[in-house]
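What follows is one structure encoded as structure tokens, with my remarks underneath.
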Amino acid sequence: MSNVKNKHYVPQFYLKYFTNQQEKLCTFDKFENKMLPFTNVKNLACEKYFYDFPQQSGNKDRQQPMEKWFSELETKASKFLNHIQNKIQGILSLKPSEKVDSLQVLTQDQKLDLAYWVAVQSLRTKDFRDFSNEFWQKAQSLIPNIVEEVEDELSRRLNQFEEDNSIKVDESLANEIKKDRLNQCMSTLSYLENDGMPITQAKFIFDHCKELAEILFNHIWLIGVNSTDKLFFTSDNPVVMASHLESSCYSSEGIEVVFLLTVS
């Protein structure tokens, strides 16, 4: 299987919901505060080898387990979201006399599937990766404490080993053991900061996406219809969370989560 270079953290099928008739998107750079030329979705919300795990020694092929997982998930999600859109359009096409104030657009199973998709999408973005990197940078100040704890634990274990075996470990050997373990510890921390971030993000997705999906499932759900002439727009972080109170996490009271299904 050939390696995929360009990794989208917002799927191309989703971005196509917002393209023009030529299947291109007009983009706006909020940092530069300027409009950019229309471009194909394959060039947007992506980064080379974004999800790739570090290469193993002597192996020229990049490890891309997330690519396969996302590909299978996106194939199902594309069909599912298209089904929801068609169902909504069917309801909107009803005659006024056939409509009711409230119709069930989603079954409970479909609601859970959509909650799962939104949860994964919110955790797979570059914005989430940047947040993780920022958190890591702030945690750098804790490294001396970590080193101190590792040294204390190593000393405790060596003392326990001497006591259990009624021997005295040579001081120079004990220092070498401590030095080796501390080097391993620092190497691991360095790995997490650099090459290990894709693995850290992947692990977080697998560990917490179901939990987040359940939280979203238990929110009050509304499907809104844009009846104005103003079109919706999306971004490289398409799951929007707005706080109406002081708290700012998905499970907090007063949190509103918005995920657009179409441009209009």
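The values are calculated or read from the model by the stated rules, or taken from the named source; none is laboratory data. None of these values were measured; they are calculated from a predicted model. Virtual Cβ from ideal backbone geometry, glycine too; neighbours counted across all protein chains shown. With ligands, DNA and RNA removed, areas are computed over all heavy atoms of the protein, side chains included. Shrake-Rupley method; radii C 1.70, N 1.55, O 1.52, S 1.80 Å.
So the values come out like this:
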read-out: Trypsin sites (Lys or Arg not before Pro) lying in DSSP loop within region 16-57, provided at most 14 other Cβ fall within 10 Å; value: 30
read-out: Summed residue charge, Cβ within 14 Å of residue 176's Cβ, Lys/Arg positive, Asp/Glu negative; value: -1
read-out: Matching label, percent of Cα pairs over 33 Å apart computed from the structure shown, candidates [x] 40; [y] 17; [z] 29; value: [x]
read-out: R0 of 51 Å, Cβ-Cβ distance residue 158-residue 251: FRET efficiency to nearest 0.05; value: 0.70
read-out: Candidates per GluC sites (Glu not before Pro) in region 193-264, loop by DSSP, up to 14 other Cβ within 10 Å; value: 246, 253
read-out: Length-normalised contact order of the chain in % [C-alpha pairs under 8 Å, at least 6 apart]; value: 23 percent
read-out: Distance violations [Cα-Cα > 31 Å] among 5/79; 48/210; 5/179; 126/230; value: 5/179
read-out: DSSP H segments from the chain that extend 20 Å or more along their own axis, Cα-based, with Kyte-Doolittle mean of 0.0 or above; value: 197-217
read-out: Label-point gap, in nm, between residue 82 and residue 187 - each point 7 angstrom along Cα→Cβ; value: 4.9 nm
read-out: Residue-averaged [θ]222 nm for the chain, counting only DSSP H segments that reach four residues, each worth -39500 (n - 2.57); value: -16500 deg cm²/dmol
read-out: Whole-angstrom gap from region 234-264 to region 102-169, using each part's C-alpha centre; value: 24 Å
read-out: Accessible-area order (highest first, 1.4 angstrom probe) of the listed residues 222, 36; value: 222, 36
read-out: 129, 157, 124, reordered so the largest accessible area comes first (probe 1.4 Å); value: 157, 129, 124
